[in-house]
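Worksheet: one structure, shown below.
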Amino acid sequence: MATRKKVLLKVIILGDSSVGKTSLMNQYVNKRFSNQYKATIGADFLTKEVVVDDRVVTMQIWDTAGQERFQSLGVAFYRGADCCVLVFDTTAPNTFKNLDSWRDEFLIQASPRNPEHFPFVVLGNKIDLENRAVSSKRAQQWCQSKNDIPYFETSAKEGINVDLAFQTIAKNALAQETEDMETGGFPNITLNPEPNTRQNQNDCSC
Amino acid sequence: MNSSWIEETHGDALELDADEEIFNQFDVILTRVPASHINEINEVGVIFIFKKQQSYFIEWKPNENVEIAGAEIAEDAIDEWSIINQITFKPAADSISILSPKLKNLRIPLPDIQQLKVQGPELKLYNRNDQHLVTYNFKRSTPASFIRVLQNFRLLKPSVHDRNCYLIKDPEFEKLQRSFAELNIEEIKTAKSPPRPFYAHGYELLSQIGKNVLGNRNDRISHQNRPGAYRFEMGSDTLSSNDTSPEMDNKTEVVDNNVIEERLPLRQIKKRDSPLSLKQWREFKTEDGRVSDPERIKEIIFRGGGEPSLRAELWKYLLNYDMWEHSKIERDERRKDLEEEYYRMKLQWTTMSKNQEKNHSGYRDRKCQIEKDVKRTDRNLDFYNGDDNPNIERLQAILLTYVMYNFDIGYVQGMSDLLSPILYLIDDEAASFWCFVGFMEKVFRNFDEDQAGMKNQLSKLRTLMEFANPKLFKYLKTHDSDNMYFCFRWLLVWFKREFSHDDILKLWEVLWTSMPCMNFHMFIGLAILDSEMKTIIENEYGFTEILKHVNDLSEKMNLQHILEVAEAIYYQVINSSKLVDRVRIIVGLDPINTYGDDPYNSDDEEEAQIKREQEMKLKVEIDHSRFVEETCDNALDQNYF
């Protein structure tokens, strides 16, 4: 079957500047943390082989610049993404508030085939710091309201929950990728709008 | 067989300049598109096959364009690159939404396609790198007649492995075969095996051209003429000698290199000179402290930089903090004024109250970003290392004062990278600030809110690449990479992340001379790509791999070599007899409009066109509202209300 081919999972990390995107990626891939990371300019990625449900897959994790204006080039990088990781800093409420626009912007630019069911994962980072300002409850509520996005609280510095979070990311990305392959690797065109109708109605009532 | 196909279909078309439509079908939906056409996904339109100037194209047009344009082909829709000027971060505001984005045509040159696959109502196109580019869904029919037409025109052949798969013939290749046949070059006519003798011939020709060019060049730049200083390098655009690769690629390589031979003189690598010494510098200083020949100084710095001990002094001139023509007295006076001005501006934010700050989100956002970034700017250098390092505070103070100096630019990521080496070297807060201002004068467009400056830079780099390295350009184009996004970091912060701290000091002072042209930093980019071309092409890198490869070059490159190659490419370009206007403009020469057939608009023209269109629309709106007003007035006059 086609799904037995070697699988590449493309994961995009988004979030405000300085929430720890580069650190999370490096902690997960290289098991390292440094205080000397520079602000990311443009985009870069790391790859890591992981086993998901007894299958070896390659994760390609994309790290991007956090300042808003640089996102206009995002479309080149977001294309073909299988999962989007939204990161905020648990000590900085603004970075949490901006998750909405990061999510929206991703959906606009990446135009995934099935936006309602595109897998996101939310990471509340820097939980090693004392001055926490966004409660778990608040973060969880937001995630639930967005079609039950999985939520993890992490510390890239101390490696807390990073592996766990990325395992879920890989798993959900793989599910997305597999679904794409089964549907022939192109968007579901709107010849037959029925399947989505109910979903849309639910959304409108929110 | 093959050549007869060319004869038949091109027979009467040679004189024909107009398009010749050979197929169209309605109700075709785009279900997979390149990133440039993301807006067109799931749109319904018409698919055409047509011939233009002896080339075949597949073009999909959204229904709305078909009704308006009829058989005409919208020229502005051809260039995928044009999308780059249309991407904005925020969706259009209400006021602009009247100008709702027009759907674009999607035109694909047939030779760019390697194969077509038919699956039920779907037709999938794959490029020559086997990337799945586009899927058309023939909503009310199947792609069968589409395929039949291409077959009738002998533009494709069925794959022997898969009956639903068709391979596109490459007419360029076949044309080439025919022209070689006419030239009676036996090796090519039959060539399945690599045409080695022709390459040898090519080398001879190349070296002949080289000799001619060298003669001219030495005359032209006489002050740089040092016998023996030139080294000849067969740049990576020359022919590779391992000719065992498959037949198709070898032929296209011959074409490309013919183009290069015609277009560019041979590359001459000139060794870098030694840096400006203290002794030389003193010779240029007059008694009262003026610098006598700034142009010559810049020339020396361009060719060799400055001695490290001189650097701080030179930078102040290069960045317009000190003026070349000022005497020592005038200089001290100016420095004093500027210092006062700096501290006045600094006071504006140091005296801001908590409430003021609370009510000033623009300032707060900028400050917040600066605080985040200075903490992670060059912390590996001793100068910025360690907790509570006062130099981090100075970085922050200068950037915050810059926010006060130019609130519109404010602070954008990347600016702390530009400031850090300046503060490191100048080591005085006010002077560093003004030097930073001087640097920003050169690059402020990089930090445009809408990224227009960066898009423009990427587009210029692309234009230069197309002219100076057609082989790599063609490769990038066929591998979905000619958006040049992988050069973004290079251009934004002038290679700050690509070289070591020491090398950046050397590179920037070279670039600040603005010699030999304003856009010389782009030639640094061309030189880097030139030296990576072999790796990129041989490994068949796509966009992702190129980006990774380019990012990973960071601090692994030899700056002196890159500078030499960059200079050599620059001279190749400006000494080309085929220099087109769009390139002339980028290298700072006046356009001469000699090559009127130049098929591309320059960015500026493009911008002007966009502006004209916007003005037109605005005018229509104003006329409309005036009309409404007048109608109302008339109605009032006539007591209709």
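So which strands (runs of 3 or more DSSP E) stay within the stretch A:1-97 end to end and still have 1 or more residues that are within 21 Å of B:Cys487 (Cα to Cα) and either touching an Asp or Glu at 6+ places or on another chain (Cβ under 7 Å) or at pLDDT 95 or above (or both)?
Counting at least 1 such residues, we get A:7-15, A:43-52, A:55-64.
Go through the residues of the stretch B:464-479 one by one and say whether even a single one is in contact with a strand residue (DSSP E or B) (Cβ under 8 Å, 6 or more places away or on another chain) and within 12 Å of chain A (Cβ to nearest Cβ).
There is no residue in the stretch B:464-479 that is in contact with a strand residue (DSSP E or B) (Cβ under 8 Å, 6 or more places away or on another chain) and within 12 Å of chain A (Cβ to nearest Cβ).
So B:Asn593 clears everything in (1) of a type in the set (S, T, N, Q); (2) at pLDDT below 90; (3) in the same structural domain as B:Ile504 (by TED's automatic domain parsing) except one condition, right? Which one?
(3)
For the stretch A:25-53: of the residues being facing chain B (nearest Cβ under 8 Å) and without any contact (Cβ under 8 Å) to a residue 12 or more places away in the chain, which is nearest to the chain's Cα centre (by Cα)?
A:Lys38
Scan the stretch A:111-127 and tell me whether some residue there is in a helix (DSSP H, G or I), within 14 Å of another protein chain (Cβ to nearest Cβ), under 30 Å from B:Asp480 (Cβ atoms) and not β-branched (Val, Ile, Thr).
Yes.
Considering only residues of the stretch B:485-504 that are more than 9 Å from chain A (Cβ to nearest Cβ) and assigned to a loop (DSSP other than H, G, I, E, B), which is surrounded by the fewest Cβ atoms within 10 Å (Cβ to Cβ)?
Only one residue tops the list, namely B:Ser500.
Take the stretch B:394-418 and flag every residue that is in a helix (DSSP H, G or I), over 17 Å from A:Gln67 (Cα atoms) and without any contact (Cβ under 8 Å) to a residue 40 or more places away in the chain.
If the condition is that a residue be in a helix (DSSP H, G or I), over 17 Å from A:Gln67 (Cα atoms) and without any contact (Cβ under 8 Å) to a residue 40 or more places away in the chain, then B:Arg394, B:Leu395, B:Gln396, B:Ile398, B:Tyr402 are the ones that fit.
Per-residue answers, yes or no, for (1) in contact with a helix residue (DSSP H, G or I) (Cβ under 7 Å, 6 or more places away or on another chain); (2) more than 14 Å from chain A (Cβ to nearest Cβ); (3) of a type in the set (Ser, Thr, Tyr):
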site: B:Thr286; (1), (2), (3): no, yes, yes
site: B:Val291; (1), (2), (3): yes, yes, no
site: B:Pro294; (1), (2), (3): no, yes, no
site: B:Leu310; (1), (2), (3): yes, yes, no
site: B:Glu325; (1), (2), (3): no, yes, no
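Can you find a residue that is crowded, with 17+ Cβ neighbours inside 10 Å, among the charged types (D, E, K, R) and either part of a helix (DSSP H, G or I) or not assigned by TED's automatic domain parsing to the domain that holds B:Phe488 (or both) anywhere in the stretch B:377-393?
Scanning the stretch B:377-393, I find at least one residue that is crowded, with 17+ Cβ neighbours inside 10 Å, among the charged types (D, E, K, R) and either part of a helix (DSSP H, G or I) or not assigned by TED's automatic domain parsing to the domain that holds B:Phe488 (or both), so the answer is yes.
Against the conditions (1) charged (D, E, K, R); (2) surrounded by fewer than 24 Cβ atoms within 10 Å (Cβ to Cβ); (3) out of contact with any helix residue (DSSP H, G or I) (no Cβ under 6 Å at 6 or more places or on another chain), where does A:Glu116 fall short? Just the number, please.
Against the list (1) charged (D, E, K, R); (2) surrounded by fewer than 24 Cβ atoms within 10 Å (Cβ to Cβ); (3) out of contact with any helix residue (DSSP H, G or I) (no Cβ under 6 Å at 6 or more places or on another chain), A:Glu116 comes up short only on (3).
For the stretch A:158-186, enumerate the residues that are within 14 Å of chain B (Cβ to nearest Cβ) and either assigned to a loop (DSSP other than H, G, I, E, B) or without any contact (Cβ under 8 Å) to a residue 40 or more places away in the chain (or both).
Passing the criteria: A:Thr183, A:Gly184, A:Gly185, A:Phe186.
Out of all the residues in the stretch B:529-548, which are out of contact with any helix residue (DSSP H, G or I) (no Cβ under 7 Å at 6 or more places or on another chain) and within 14 Å of chain A (Cβ to nearest Cβ)?
B:Gly542, B:Phe543, B:Thr544, B:Glu545, B:Lys548
Just checking, which of B:Leu526, B:Leu507 is without any contact (Cβ under 8 Å) to a residue 60 or more places away in the chain, more than 14 Å from every other protein chain (Cβ to nearest Cβ), crowded, with 21+ Cβ neighbours inside 10 Å and under 22 Å from B:Asp273 (Cα atoms)?
Result of the check over B:Leu526, B:Leu507: B:Leu507.
For B:Ile147, all conditions in the list (1) modelled with pLDDT under 85; (2) away from chain A (no Cβ under 14 Å) hold save one; what is the number of the exception?
Of everything listed in (1) modelled with pLDDT under 85; (2) away from chain A (no Cβ under 14 Å), B:Ile147 misses just condition (1).
Does A:Val50 meet the test of being closer than 20 Å to A:Ile160 by Cα and of a type outside the set (S, T, N, Q)?
yes
Name the one entry in B:Phe488, B:Phe495, B:Phe467 that is at positive phi and not assigned by TED's automatic domain parsing to the domain that holds B:Asn380.
Exactly one residue qualifies, and that residue is B:Phe495.
Could you grab me the full set of residues in the stretch B:112-168 that are of a type in the set (Val, Ile, Thr) and under 23 Å from B:Ser481 (Cβ atoms)?
Passing the criteria: B:Ile113, B:Val134, B:Thr135, B:Ile168.
The values are calculated or read from the model by the stated rules, or taken from the named source; none is laboratory data. All of these numbers come straight from a predicted model, not from anything done at the bench. When we count neighbours, we look across all protein chains shown, and the Cβ atoms used for this are built from the backbone with ideal geometry, even at glycine.
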